Each structure stands twice: as C-alpha cells, then as structure tokens.
Amino acid sequence: MLNNNGHKSKLEIKKYDISKPLTEQQQDEVYQLYKLRYSVYIKDLKYEQPHADHKLKILKDPLDNTGHLYGVFKNNEAIGTLLTNYTKHSDLGYYPELYKMHEFANSSYFDSSISTKFIVRKDFRSSNIAFKLACATLTQQSEDNIMYSFIDCIPENVPFFVRLGFKVSQKNMSHPEFGHGVALVIELQNIEELEKQNSLYLKHYRRTVDMWNRARIAA
C-alpha cells in the first residue's frame, strides 16, 4: 500500500511490558494507544469507563501494569491495540468469575490468559488489521505455553472469533463496564480441536512458524 508521497505504507505490531522501563519512543507509542482507547470507547461507543482521564483524553487500565500491551501502527500512527494478561502474572479482578475461568481451564487455570481492550480504529475496521493483531497476540500466548485464552465481545463480532478458533463459553454474559456480551475461549495447545474447527489462527501460526524455520535455515 502506498501513502500520499508514493512510498510504501509501514505497518508494525509492537508489544510493550508496562512493568518494565520504556524508552521515550515507547512511552510516546503507549500514550497513543491510551488515546486510541479513549477515542473509541468514550467518543465513539459512549461507554462509561471508570479509569478514563477526560482531561488528557486517555484511557488506562490497572491491568496494563501486569500485562502485554500490543499496538498496531501504520506510518507511526496507532490504529489498533489489545491487552493480554496471564493468570500467573496478574490479579485479574472480576474476570475469572465473569469468564468462569476455573470451570473451563480447571487444572490449567494458571496457564490461562484474558484479552481485553481489543480496538481497531474506525477507518480500518473493514481491513485485516483485527485478524493480524489477534493472530500476533495468540501466537505469543502459544509460544508462552498458554493453554486457555479468554475474551468477550458484542454478539455481532462472535463469527470473527469463531473463525479464529474460539468457542462460545457463555452466550449471555453481563460485563460490569460494557453490558451484554458473549464470552469465548480458545484452547491454544489443542491442535486436534483447532484443526476440527478449521481455525484460521492455526493456519496463520503454521505459516509463521514455517517462515521462522526458513529464516533460521537461510541464516
């Protein structure tokens, strides 16, 4: 894709661990992601968010401090973001009960995760940005040996997650901040089940691993 100057547009997916020191550039990028959250959740969707800073027009989350914050940037401009938190590293607040994580993950509870604040800027929602971002985060979770990954969404977005390989775990869930929604879970290490579902994430993961292996051989 070309920008207005005739140069190829640059798309990057980056990961930040807020608990660790960030460079000045990383701090600026994270701030962009907080601004994007505010723009979508407060301005576009009119959600009431307890941690919103209406003066700075940013939206932080206490879970940021112990999670992996992902950002999608096009030509250095934030266009998408997602936050993942691992059970073994985070106090997930009301989410374990909300998602019934103990019930679904059982003995693998401490090898499970949640994904929240999944946002793509309005003018990119018809693109494949959401797919790329979701696959990037799921790939990282798989590499980190996460067994069960939980998420929720509005009913209209359920088909997107099902195609990735998620299964609906609760059809009628009441989120304390966002109201009615649907909870889903994906078994990242259950390859047989993902194959049965014709998981688009699994296909992406295999292509990615194949490219990694080819790069290692070439090196």
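The values are calculated or read from the model by the stated rules, or taken from the named source; none is laboratory data. What you see is a predicted model; the values in this text were computed from it and never measured. Every residue, glycine as well, gets a Cβ built from its backbone with ideal geometry; the counts of neighbours run over all protein chains shown.
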Exercise. Considering Ser90, Ser108, which residue is closer than 14 Å to Ile146 by Cβ and touching a helix residue (DSSP H, G or I) at 6+ places or on another chain (Cβ under 7 Å)?
Worked result: Ser90
Problem set entry | Counted residues, region 95-135 - those being of a type in the set (A, V, I, L, M) and surrounded by fewer than 18 Cβ atoms within 10 Å (Cβ to Cβ) | 0
For this session: Could you list all residues from region 9-24 that are under 20 Å from Thr66 (Cα atoms) and not charged (D, E, K, R)?
Result: Ile13, Tyr16, Ile18, Ser19, Pro21, Leu22, Thr23
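So is Ile114 touching a residue at least 60 places away in the same chain (Cβ under 8 Å) and assigned to a strand (DSSP E or B) or not? Break it down stepwise before answering.
Working: touching a residue at least 60 places away in the same chain (Cβ under 8 Å): no; assigned to a strand (DSSP E or B): yes.
Considered against the rule, which asks whether it is touching a residue at least 60 places away in the same chain (Cβ under 8 Å) and assigned to a strand (DSSP E or B), Ile114 comes out as no.
Would it be correct to say that Leu98 is in a helix (DSSP H, G or I), touching a strand residue (DSSP E or B) at 6+ places or on another chain (Cβ under 6 Å) and within 22 Å of Phe150 (Cα to Cα)? Don't jump to the end; show me each part of the working.
On the way: in a helix (DSSP H, G or I): yes; touching a strand residue (DSSP E or B) at 6+ places or on another chain (Cβ under 6 Å): no; within 22 Å of Phe150 (Cα to Cα): yes.
Against the criterion (in a helix (DSSP H, G or I), touching a strand residue (DSSP E or B) at 6+ places or on another chain (Cβ under 6 Å) and within 22 Å of Phe150 (Cα to Cα)), Leu98 does not qualify.
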Problem set entry | Subset of region 175-196 (residues that are part of a strand (DSSP E or B) and either at pLDDT 95 or above or touching an Asp or Glu at 6+ places or on another chain (Cβ under 9 Å) (or both)) | His175, Gly181, Val182, Ala183, Leu184, Val185, Ile186, Glu187
For this session: Could you pull out the residue among Leu82, Leu56 that is touching a Lys or Arg at 6+ places or on another chain (Cβ under 7 Å) and either surrounded by fewer than 18 Cβ atoms within 10 Å (Cβ to Cβ) or on the phi < 0 side of the Ramachandran plot (or both)?
Result: Leu82
Exercise. Do we have Phe178 as touching a Cys at 6+ places or on another chain (Cβ under 9 Å) and either among the aliphatic types (A, V, I, L, M) or surrounded by 16 or more Cβ atoms within 10 Å (Cβ to Cβ) (or both) here?
Worked result: no
For this session: Restricting attention to region 59-75, report how many residues are more than 15 Å from the chain's Cα centre (by Cα), on the phi < 0 side of the Ramachandran plot and surrounded by fewer than 18 Cβ atoms within 10 Å (Cβ to Cβ).
Result: 2
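Answer yes if at least one residue in region 157-164 is surrounded by fewer than 16 Cβ atoms within 10 Å (Cβ to Cβ), in contact with a Phe, Trp or Tyr (Cβ under 9 Å, 6 or more places away or on another chain) and assigned to a helix (DSSP H, G or I), and no otherwise.
Yes, region 157-164 has at least one match.
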For this session: Please enumerate the residues belonging to region 108-145 that are aliphatic (A, V, I, L, M) and under 19 Å from Asn65 (Cα atoms).
Result: Ile114, Ile119
Exercise. Restricting the first residue to region 187-205 and requiring it to be touching a residue at least 12 places away in the same chain (Cβ under 8 Å) and crowded, with 20+ Cβ neighbours inside 10 Å, which pairs with a second residue that is assigned to a helix (DSSP H, G or I) and among the hydroxyl-bearing types (Ser, Thr, Tyr) meet a Cβ separation below 6 Å and a spacing of at least six or different chains?
Worked result: Leu188/Ser142; Tyr205/Thr139
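Conditions tested, residue by residue: (1) part of a strand (DSSP E or B); (2) at pLDDT 95 or above; (3) farther than 30 Å from Ala105 by Cα.
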residue	(1), (2), (3)
Glu12	yes, yes, yes
Lys15	yes, yes, no
Gln25	no, yes, yes
Ser39	no, yes, yes
Leu56	no, yes, yes
Gly71	yes, yes, no
Ala78	yes, yes, yes
Leu82	yes, yes, no
Asn85	yes, yes, no
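For region 122-141, indicate whether the set of residues that are of a type in the set (Phe, Trp, Tyr) and not in a helix (DSSP H, G or I) is non-empty.
At the first step, the residues of region 122-141 found to be of a type in the set (Phe, Trp, Tyr) are 124, 131.
Narrowing further to those that are not in a helix (DSSP H, G or I): none.
The answer is no; no qualifying residue exists.
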